[in-house]
Every structure is written in structure tokens, then in C-alpha cells.
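The block underneath contains the structure these notes are about, expressed in C-alpha cells.
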Amino acid sequence: MRMIMNVLVVGSILSCAAGAQEAPKPALRKGVSVQMPVAAHAVEMRAADEPNSTIVAIGANGEVYSGVQRTEPAALSGLSAETVYVKADARAPFQTVLSVLDALRGKSVVLLAAAPAQAQKAKIIPPYGIQLTVAR
């Protein structure tokens with residue numbers, strides 16, 4: 001019995017050590033889940049996954065979030081980031097999307113979208129989007 005216990009302990013230590021040697025996986029960020037709209041010509045936006053990136057989410061019901069904090073669209077004008085990544089649910093009211101874009105005038109805005117079909121074959125899919133500048 002003692003021999004079996006020793007084998008199990010050594011086996012678990014080896015499996016933990018082997019797991020530690022695997023390539024690091026990207027850290028998951030807290031965020032608001034939305035049903036991303038599809039854009040056939042969206043391009044990779046890896047910067048949206050950076051820890052210091054500014055994400056604004058618009059839910060299907062029109063609720064607006066800066067990161068994970070619920071906010072009003074007008075409050076977004078106080079964001080200090082030069083580039084803001086907006087992920088709007090495909091079912092979000094268009095008026096809310098326009099209100100968010102209006103509040104972000106003068107900033108570089110990236111509208112995040114679902115990855116094109118050819119990119120969805122990869123194990124880890126980076127963010128995709130379309131960049132625009134909202135004029136003053």
C-alpha cells in the first residue's frame with residue numbers, strides 16, 4: 001500500500017512539473033460579455049487584449065460599461081486613453097452606440113467585431129475590429 005502511495009505522489013509531482021513547462025496562456029480579463037457583430041473585413045487588434053487597454057462595452061439592453069463598471073455614455077468623454085476599444089452587442093440600440101461614439105469624439109476608436117470565418121479555426125482567436133477616428 002505504501003508503495004502505491006509513493007508512486008501516486010511522485011506521479012502527481014511529475015505531472016505538475018510537466019504542466020508548468022507548457023507555454024503560458026494569455027490571462028483572461030474581466031469584462032462584459034456581448035454577442036459580437038460580424039464584419040467580413042475586420043483585422044486583428046491584438047492591442048485590445050493588453051492589460052492597460054480601455055474597453056467600453058454596450059450590452060444588448062443598451063447598458064454601457066467602462067471596463068466592468070456601468071456608466072453613462074456622457075461620462076466616457078472623461079476617458080484619458082487615446083484609443084478606446086468599443087465592443088457593442090449586435091442587438092444593442094443604435095442610438096446608444098451613437099451616444100457612445102459622440103462621447104468619444106476626438107479619440108481613436110476601434111469597433112471590435114467577431115473574427116472572420118477563416119480566423120476562427122485557430123485555438124486562440126485575437127480580437128478583431130475596424131478602426132476609426134471620431135472627429136470633433
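The values are calculated or read from the model by the stated rules, or taken from the named source; none is laboratory data. Since the model is a prediction, treat every value here as computed from it, not as a measurement. Virtual Cβ from ideal backbone geometry, glycine too; neighbours counted across all protein chains shown.
Against the definition (exposed (fewer than 13 other Cβ atoms within 10 Å of the Cβ) and at pLDDT below 85), how does GLN69 come out, yes or no? Answer is no for this residue.
To keep it simple, each residue is scored yes or no on (1) over 21 Å from ALA135 (Cα atoms); (2) surrounded by 12 or more Cβ atoms within 10 Å (Cβ to Cβ); (3) out of contact with any Asp or Glu (no Cβ under 7 Å at 6 or more places or on another chain); (4) at pLDDT below 95.
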position	(1), (2), (3), (4)
VAL43	yes, yes, yes, yes
VAL56	no, yes, yes, no
GLU82	no, no, yes, yes
PRO93	yes, yes, yes, no
VAL97	no, yes, yes, no
ALA122	yes, no, yes, yes
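Please find, among ALA103, ALA23, ALA17, the residue that is among the aliphatic types (A, V, I, L, M) and at pLDDT 95 or above. Spell out how you get there, then give the answer.
On the way: ALA23 fails: at pLDDT 95 or above; ALA17 fails: at pLDDT 95 or above.
Only one candidate passes the filter, namely ALA103.
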